[in-house]
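Where a number appears in this text, it was derived from the coordinates with a stated rule and is not lab data. The structure presented is a predicted model; accordingly, all values stated were derived computationally and were not measured. Reconstructed Cβ throughout: ideal geometry from the backbone, glycine too, with neighbour counts over all protein chains shown.
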Amino acid sequence: MKMRINPIITLLFLICCLRVNAQTLQNEEEVILDCNYSFEEAISGKEIPKEITRNLVLLNVEYYSFDDKLHRGQIVLHKRAEKDIKEIFEIIKEIKFPISKVIPVVKYHWSDEASMNDNNTSAFNYRKVKGQKVLSFHSYGLAIDINPIQNPHIKRNLIQPSNAKYDIKAAGTILKNSRIVQEFKKRGWQWGGTWRSSKDYQHFEKKN
C-alpha cells in the first residue's frame, strides 16, 4: 500500500527549510570582516628573525565592536599563546565586551603609535621596549594590547596614546575585577594594570 504525501504539508516543510537556510545566510552575512590577511602578508614589510617567525601563527577571532555588530579580525601571536587567546576571545564574544578592531600591525607599517591611535588590538610587533634596548614581549607574540584608547599606558604625566583616557565607566575599559583580567591570570598572563612604576591597562603578557 502506497502512502500518499500531503502536498500542503510538503509545501510547509519546504518553506520552513528555506526560512532556516535564509536565516543561516543572514547570520553569516552579519559578520563584518575587519581584515583578511594571509600569514605571509601579516608579517611582511619588516625584517624578522626566522627563529621568531617559525613560532608565529595567524589567528582569526570574532568580537562585538562598539557598533554592537559582530566583527571578525586577525591577530599574529606565538603558537604557545594561541590556545589562550582563542579561548579568551570566545569569552569576549560571549559576554559582548566591546573590542574596537583586531588587525595585524602590518596595516600600520609596524608603527605601534599608529596602531594605538586607531584603537587597534594587536599582539605581535617586532620592536624594542620604548626607551630601552631589550625586545618587547610583543616581539615574540607573547603580549597583547586591548583597546588602547580606553586602556592607555600611563607613566607619570605621560599617556599613550595621547588621545586616550582611562575612564572606569566607559565601555571597553579593563578593570582589575574584569572577567578578562581573571581569564588571563588563570592562564598565567600578567596584566600591566598591576605594574608599580607605570600602569599599562591595555597590556597582557605571558612570561611562562
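Observations
- Note on Gln182 and Lys207: with the Förster distance fixed at 25 Å, the Cβ-Cβ geometry gives a FRET efficiency of about 0.90.
- Annotation: aspartates and glutamates with alpha-carbon distance below 18 angstrom to Lys50 (same-chain offsets under eight excluded): Glu40, Glu41.
- Segment 168-174 - phi-based ³J(HN,Hα) in whole Hz, Karplus 6.51/-1.76/1.60, Gly and Pro as x: 5, 9, 7, 4, x, 8, 9
- Radius ratio Rg over Rh of segment 78-141, counting only Cα atoms, Kirkwood formula for Rh: 1.01
- Spin-label model, Glu90 to Ser44: label points 7 Å out along the Cα-to-beta-carbon direction sit 3.2 nm apart.
- 28 Å Cα-Cα threshold exceeded, pairs from Lys46/Lys207; Lys83/Lys165; Lys46/Lys101; Lys133/Lys199; Lys69/Lys165; Lys69/Lys107: Lys83/Lys165
- The chain: antiparallel DSSP beta bridges as a percent of all, rounded to 5: 85
- Using R0 = 35 Å, the C-beta based FRET efficiency linking Trp195 and His109 works out to 0.80.
- Couplings for segment 43-58, taken from phi via the Karplus curve 6.51 cos²θ - 1.76 cosθ + 1.60 with θ = phi - 60°, read 10, 7, x, 8, 7, 10, x, 4, 5, 8, 4, 5, 9, 8, 9, 10 Hz in order; Gly and Pro are left as x.
- Pairwise centroid distance, computed over Cα atoms, of segment 146-198 with segment 97-120, Å: 16
- A simple spin-label model places pseudo-atoms 7 Å from Cα toward Cβ; at Ile168 and Asn60 they are separated by 3.9 nm.
- Amide hydrogen proximity for Trp195: with H placed 1.01 Å from N in the peptide plane, the residues at 5 or more positions away or on another chain lying under 5 Å are Asp200.
- Normalising by residue count, segment 37-119 has a Cα convex hull of 88 Å³ per residue.
- Length gained on full extension, Leu175 to Arg80: 31.7 nm, using 0.36 nm per residue less the C-alpha separation.
- Straightening the chain between Lys69 and Glu51 buys 2.7 nm, computed as 0.36 nm per residue apart minus the Cα-Cα spacing.
- Estimated from the Cβ-Cβ distance and a Förster radius of 25 angstrom, the FRET efficiency linking Lys133 and Arg156 is about 0.70.
- Calculated translational diffusion coefficient of segment 97-183 (20 °C, 1.002 mPa s; Stokes-Einstein with Kirkwood radius over alpha-carbon pairs) equals 158 µm²/s.
- The chain shape via C-alpha gyration tensor axes, a/c threshold 1.5: prolate
- Under the combined filter of DSSP loop state and at most 15 neighbouring Cβ atoms within 10 Å, segment 81-153 retains these trypsin sites (Lys or Arg not before Pro): Lys96, Arg127, Lys130, Lys133.
- Computed [θ] at 222 nm, helices only, for the chain once each DSSP H run of length n ≥ 4 contributes -39500 (n - 2.57): -8500 deg cm²/dmol
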